[in-house]
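Structure record follows, encoded as structure tokens.
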Amino acid sequence: MTTIVAVADGIFEIRDGKPVLLGTRCTNCGNHMFPRQTGCPRCLFNEQEDVELATAGTLWTWTVQAFPPKAPPYLGPVGDDFTPYGVGYVELPDQLRVEGRLTVADPEQLKIGMPMELVLEPLSLDEDGNQIVTYAFAPVDNGDQS
Amino acid sequence: MSDVAIVGIGMHEFGRHDGISGMDQGVTAVRRALADCGQQWSDMEFAVGGSMDGGAADTMVSRIGLTGLPFTNVVNGCATGGTALAQAVNTIQSGAGDLGIAIGFDKHEKGAFRIKGPRGKDWYGGSGLALTTQFFGMKINRYMHQYGITQPTLAKVGAKAFRNGALNPMAWRRKPLSEEEVAESLMLSYPLTQYMFCSPGEGGVAMILCRADKAKQYTDRPIYLKAAAVRTRKFGSFEVLAPSIAIEHDPGPTSAASKAAFEMAGIGPEDVDVAQLQDTEAGAEVMHMAENGFCEHGEQEQMLANGETEINGRLPVNTDGGCLANGEPIGASGLRQVYENVLQLRGDAGERQVPNDPKVAYTHVYGAPGISGVTILSR
């Protein structure tokens, strides 16, 4: 069985096959940051605590990446194997807006304000044959697609 | 601000120039600027120059003259040219020099900018998020949703840029394109198509500045710098290449730089006769019209429909074709805007001259990671 590995350490953890984003919360003003960092750009306080961010929110804005990014740095398929992917910011309630890939790339299916949740997205295999994954946002399945 | 004048301008054609280095293009711009005001390199008391991919600007002295002058390199993203100009102004105002030169040039590889992540831990670029084009697509998509701007308006901006570029012998893209051709070109980053985006390119610009009270020694048509302001982002602004943004809202560095510049110049947006606004893509020009104070958010839809930003309109915008027709050599781009405004204020802009004797001209650059530079010039 292929082992799944995160694209980098310290960005998200994988739990029950889903990503959990690793953020920071300022202990002075409550500002949330992602990825983790020291120093709060809002209140300039320098003590923060590690937190896990919300795993669902609403789509704040979006686009579709229709041409292959340059590789490096891109780790996903390029050339003839490239497939367009969505990119957006998802607002995690009372925390912040996080940028990420979207599992949907069809403009007809993307609407500002729609509910989204975190999922894992495969990029490529590393030299040991492990599946490299990143986090992405998927439309929340309301169970109405019978 | 105390008075500084632009007395000489020089430019190397923008575009793609195989076999000519970015630095060579900077050197050509310097020679043309010197010739424009009848000065020698040895007359320059100081120089400020910048380039992102074209090498350290100060090394050009080995070709134009080892005169021993103080030469400061600046690198400040898309505001590199604007920052070079602002530093030259500061140098003159401080009394450290009376006559100097600001230089910007560049030469980038083809295609979208390759952005590498920090320190070898590149989850961001690896995941396919390190593209400036995505930000511009997302910012205008949200803006259209909020303020009712439509896609045909974006196509109008593109068609205007190529129409103006066709009148500019220094421009890269000189073929007019119809609104349909712009709208129907390849979709790159929804809602933006290929011809709604500028491309990284090549070119060089230089300008010679002096104390305003000495300007008449060098030219009979000095152009005065009324303001030069650079600002960076504040907490809550929505910026390019940001893995996350705050829910709190700040209007961003463009609004801040614009306000500062108008305050410095002691005038308002209604006094501006011609404006060059950062048009990395068509949506940016639309949004920057409001962020710079020239209209309310959403009014652009009607302004474009009325042709108000055409060369003969109420507020001509990007009369030289902007970034869309000229491409964006990062180090030179901000100075290209100032070059165009000097031509317009001198009445030397030829076929694209703004009518009715323009007196006040405005430039605005914006770029990563959330920086903006504004200048205001007058005759």
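Brief remarks follow.
- All of (1) more than 9 Å from chain B (Cβ to nearest Cβ); (2) in a loop (DSSP other than H, G, I, E, B) hold for A:Ile112 with one exception: (1).
- Hits in the stretch A:1-21 (condition: touching a residue at least 40 places away in the same chain (Cβ under 8 Å) and either within 11 Å of another protein chain (Cβ to nearest Cβ) or not β-branched (Val, Ile, Thr) (or both)): A:Ala6, A:Val7, A:Ile11, A:Phe12, A:Gly17, A:Lys18, A:Pro19, A:Leu21
- Selection within the stretch B:194-241 - without any contact (Cβ under 8 Å) to a residue 24 or more places away in the chain and on the phi < 0 side of the Ramachandran plot: B:Gln194, B:Lys216, B:Gln217, B:Asp220, B:Lys234, B:Phe235
- Any chance B:Ala130 is within 12 Å of chain A (Cβ to nearest Cβ), under 30 Å from B:Gly55 (Cβ atoms) and buried (at least 21 other Cβ atoms within 10 Å of the Cβ): yes
- Condition check for B:Asp24: farther than 29 Å from B:Ala265 by Cα, at pLDDT 95 or above and among the acidic types (Asp, Glu): yes
- Unique residue being under 17 Å from B:Thr319 (Cα atoms), buried (at least 23 other Cβ atoms within 10 Å of the Cβ) and of a type in the set (Gly, Ala, Ser) when the list is B:Ala166, B:Ala161: B:Ala161
- Residue match in the stretch B:327-342 (condition: in contact (Cβ under 8 Å) with a residue 24 or more places away in the chain and over 15 Å from the mean Cα position of the chain (by Cα)): no
- Hey, B:Tyr224 of a type in the set (Phe, Trp, Tyr), closer than 25 Å to B:Asp320 by Cα and surrounded by fewer than 22 Cβ atoms within 10 Å (Cβ to Cβ) or not: yes
- Among residues of the stretch B:359-369, those that are surrounded by fewer than 22 Cβ atoms within 10 Å (Cβ to Cβ) and modelled with pLDDT of 95 or more, counted: 2
- Scope the stretch B:133-166; condition hydroxyl-bearing (Ser, Thr, Tyr) and either part of a helix (DSSP H, G or I) or within 14 Å of another protein chain (Cβ to nearest Cβ) (or both); matching residues: B:Thr133, B:Tyr143, B:Tyr147, B:Thr153
- The one condition from (1) closer than 21 Å to B:Leu34 by Cα; (2) surrounded by fewer than 24 Cβ atoms within 10 Å (Cβ to Cβ); (3) β-branched (Val, Ile, Thr) that B:Val75 does not meet is (1).
- Qualifying residue in the stretch B:60-78 (condition: within 13 Å of B:Leu209 (Cβ to Cβ) and either in contact (Cβ under 8 Å) with a residue 12 or more places away in the chain or assigned to a loop (DSSP other than H, G, I, E, B) (or both)): no
- Some residue of the stretch A:86-102 being touching a Pro at 6+ places or on another chain (Cβ under 6 Å) and surrounded by fewer than 19 Cβ atoms within 10 Å (Cβ to Cβ): no
- If you check B:Ala96, B:Ala183 for being more than 30 Å from A:Ser124 (Cβ to Cβ), surrounded by fewer than 24 Cβ atoms within 10 Å (Cβ to Cβ) and free of Cβ contacts under 8 Å to residues at least 40 places away in the same chain, only one passes: B:Ala183.
- Filter pass, A:Val64 being within 16 Å of A:Pro19 (Cα to Cα) and not charged (D, E, K, R): no
- Qualifying residue in the stretch B:6-16 (condition: over 16 Å from B:Ser333 (Cβ atoms) and surrounded by fewer than 22 Cβ atoms within 10 Å (Cβ to Cβ)): no
- Yes/no for B:Ala88 being under 25 Å from the mean Cα position of the chain (by Cα) and buried (at least 23 other Cβ atoms within 10 Å of the Cβ): yes
- Scan of the stretch B:312-365 for residues that are of a type in the set (Asp, Glu) and either closer than 24 Å to B:Val30 by Cα or assigned to a strand (DSSP E or B) (or both), ordered by number: B:Asp320, B:Glu328, B:Glu340, B:Asp348
- For the stretch A:1-21, filtered to residues that are in a loop (DSSP other than H, G, I, E, B) and among the small types (Gly, Ala, Ser), the residue that is nearest to A:Ala136 (Cα to Cα) is A:Gly17.
- Listed by position, the strands (runs of 3 or more DSSP E) inside the stretch B:167-279 whose residues that are within 22 Å of B:Asn292 (Cβ to Cβ) and within 14 Å of chain A (Cβ to nearest Cβ) number at least 1 are B:223-232.
- Within the stretch B:239-281, being closer than 29 Å to A:Leu44 by Cα, surrounded by 22 or more Cβ atoms within 10 Å (Cβ to Cβ), touching a helix residue (DSSP H, G or I) at 6+ places or on another chain (Cβ under 6 Å) and modelled with pLDDT of 95 or more holds for one residue alone: B:Thr254.
The values are calculated or read from the model by the stated rules, or taken from the named source; none is laboratory data. Since we're looking at a predicted model, the values are computed, not measured. Methodologically, a virtual Cβ is constructed for each residue, glycine included, from the backbone with ideal geometry; neighbour enumeration extends over all protein chains shown.
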